[in-house]
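A quick write-up on the structure given underneath.
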Amino acid sequence: MSKRLLFVFAALIIATMVLSACGPKASTYECTDAIGCVTVAPGDPIHLAYDMVINGPDATLGIDSRNGVEIAIAEKGQLLGHDVQLTGEDDGCSAEGGQASGTKLAADTTIVAVFGTSCSSAARVAVPLLSQAGFVIISASNTAPDLTKAGDPNNWPGYLRTAHNDTIQGAAAAQFAVDFLKVTKAATIHDGSLYAESLANQFAKVFQELGGTITAQEAVDPNQTDFKSVLTSLAPGGPELIYYPIFVKAGSLITRQAKETTGLENTSLMGADGMFSPDVTAGAGDAVEGLFVSSPDTSSFSQKYNDYFLPKYQELFGSEPVSIFHAHAYDATWMVMNAIEAVAVKDADGTLHIPRQALRDAMYATKDFQGLTGVLTCGPTGDCANPKIAVYEYHAGEYPPIKVWP
């Protein structure tokens with residue numbers, strides 16, 4: 001070998017040694033987290049997912065929340081130098097849908113956190129699967145009390161919500177009935193779902209504590225289309241109000257048919273946040289006039305909600321919000337992204353390690369978070385909301401309904 005070739009060969013060896021010494025080191029991170037870690041390679045996205053109802057008669061509920069998630073992700077841009085990928089499944093707003101969607105999502109080990117479910121009935125079966133997979137799960141619209149009740153078998157590790165607890169909404173609806181409507185007799189209807197039955201029962205409990213009389217408590221099949229027999233059975237009791245905190249399809253039909261039932265022509269009608277949708281205006285037609293619904297009080301939201309969020313929603317999706325939990329979903333997304341930033345370990349080459357239990361702990365430790373929906377602090381079982389409930393009144397051909405109380 002010539003002296004020139006020897007020189008070139010030696011120079012290459014030295015250059016390689018210098019580059020090796022100065023370049024990124026191989027990761028020395030060792031995952032000691034109790035339930036494991038998610039590793040995100042350089043250039044790969046951080047994978048977040050949703051489990052929401054996005055098809056069928058209740059689709060506006062899930063689509064609206066998904067829109068809130070997407071606005072937060074777009075506003076953040078990259079997270080720790082990585083894009084954020086959002087995928088999802090349809091929870092069907094049912095136990096069956098939650099089983100199917102939860103099974104699919106739980107099998108994907110790249111997922112860091114799941115936004116959802118939309119409906120409490122889906123949560124009961126999806127959340128155990130998602131929890132056992134090690135995910136953070138945070139819902140913008142689950143409101144059933146047992147999901148965050150200490151010691152309840154339906155309260156699972158890693159589950160949180162930015163939605164209110166229906167112990168609060170049911171009490172507010174009863175207070176409205178007594179204070180605003182001045183009614184003394186009411187009947188309730190639920191559809192057998194966890195959400196509706198819990199809320200109807202809470203309303204009845206507080207209404208009676210306030211001195212009112214519950215004339216009947218009925219249950220219906222959410223898939224039926226003729227509710228006249230149930231409505232007819234309520235009339236002899238003389239209820240001044242029927243409270244039916246159910247969903248869009250059945251709720252719209254009950255609204256129509258109640259106005260056609262002898263003895264109920266002048267009875268006030270009231271639903272809840274599951275019926276806060278333009279599809280109720282369309283489905284109930286002129287009978288929607290005067291229908292009340294309890295829902296989060298958007299007038300209590302931060303100034304950013306009006307100045308930034310609503311214009312951005314219109315810009316990205318071409319309409320005003322189509323349901324009521326969009327801001328709760330936005331807040332949930334920022335809470336997750338902030339927690340990821342707090343616990344993730346980043347290698348020199350950009351690889352991220354996200355410890356799952358540490359992420360859950362950071363979520364539960366959320367305190368004084370300045371959200372659109374208020375200042376949020378999470379409790380040990382996952383209730384994070386700053387709940388303020390209002391009652392809105394529908395008018396025929398118009399959406400959204402108008403706040404009338406408090």
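Coordinate-derived values only; no laboratory data. Computed from a predicted structure; not experimentally measured. Every residue, glycine among them, receives a Cβ derived from its backbone with ideal geometry; neighbour counts consider all protein chains shown.
For the chain, just run the numbers: alpha carbon Rg, then divide by 2.2 N^0.38 Å, N being how many residues it has.
Details: Rg = 25.5 Å, N = 406, 2.2 N^0.38 = 21.6 Å.
Cα Rg divided by the expected 2.2 N^0.38 Å: 1.18.
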Could you go through the stretch 305-320 in sequence order and give the Karplus-derived ³J(HN,Hα) for each residue, using 6.51 cos²θ - 1.76 cosθ + 1.60 with θ = phi - 60°, rounded to whole Hz, and x for Gly and Pro? 4, 7, 7, 10, 5, 4, x, 5, 4, 4, 5, 7, 10, x, 7, 6
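For THR262 and ALA348 in the same chain, what is the full-extension length gain: residue separation times 0.36 nm, less their Cα-Cα distance, in nm?
On the way: separation 86, 0.36 × 86 = 30.96 nm, distance 7.41 nm.
Length gained between THR262 and ALA348: 23.6 nm.
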Counting only DSSP beta bridges with both residues in the chain, tell me the antiparallel percent, nearest 5. 35
Can you give me the pair-distance distribution of the stretch 300-406, C-alpha pairs, 5 Å bins, whole percents? 2, 10, 16, 19, 15, 13, 11, 7, 3, 2, 1, 0, 0
Extended-chain gain in nm, criterion 0.36 nm per residue less alpha-carbon gap, THR377 and TYR308: 22.6 nm
Using only Cα positions of the stretch 236-357, each an equal point scatterer, no hydration layer, compute I(q)/I(0) via Debye at q = 0.18 Å⁻¹ and quote the log10 values to two decimals. -0.98
Report ³J(HN,Hα) in whole Hz for each residue of the stretch 282-298, in order, from the Karplus equation J = 6.51 cos²θ - 1.76 cosθ + 1.60 where θ = phi - 60°; Gly and Pro get x. 6, x, 8, x, 5, 5, 5, 4, x, 5, 9, 9, 8, 6, x, 8, 5
Compute the acute angle (0 to 90°) between the alpha-carbon long axis of helix 326-343 and the principal axis of greatest extent of the alpha-carbon atoms of the chain; round to the nearest 10°. 30
Which residues' amide hydrogens lie under 5 Å from the amide hydrogen of GLY88, considering only partners 5 or more residues apart or on another chain, with H built in the peptide plane? TYR50
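Is the shape of the stretch 151-231 best called rounded, prolate or oblate, per the rule: a/c under 1.5 gives rounded, else a/b larger than b/c gives prolate, else oblate, with a ≥ b ≥ c the square roots of the Cα gyration tensor eigenvalues? Can you show the working numbers first?
Values: a/c = 2.42, a/b = 1.24, b/c = 1.96.
Note, shape of the stretch 151-231 comes out oblate.
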The ³J(HN,Hα) series, computed from each phi in the stretch 172-188 with the Karplus coefficients 6.51, -1.76 and 1.60 at θ = phi - 60°, rounded to the nearest Hz and given as x for glycine or proline, is 5, 4, 5, 4, 4, 4, 7, 7, 8, 7, 6, 8, 10, 10, 9, 10, 10
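For the stretch 117-184, run through the trypsin sites (Lys or Arg not before Pro) and keep only the ones in DSSP coil with at most 10 other Cβ atoms within 10 Å of their Cβ. Numbers along the way, then the final one.
Numbers: sites: ARG124, LYS149, ARG161, LYS182; in loops: LYS149, LYS182.
In loop regions of the stretch 117-184 (DSSP not H, G, I, E or B), the sparsely surrounded trypsin sites (Lys or Arg not before Pro) are LYS182.
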The chain: angle of helix 248-259 to the longest principal axis, Cα-based, in degrees nearest 10: 10
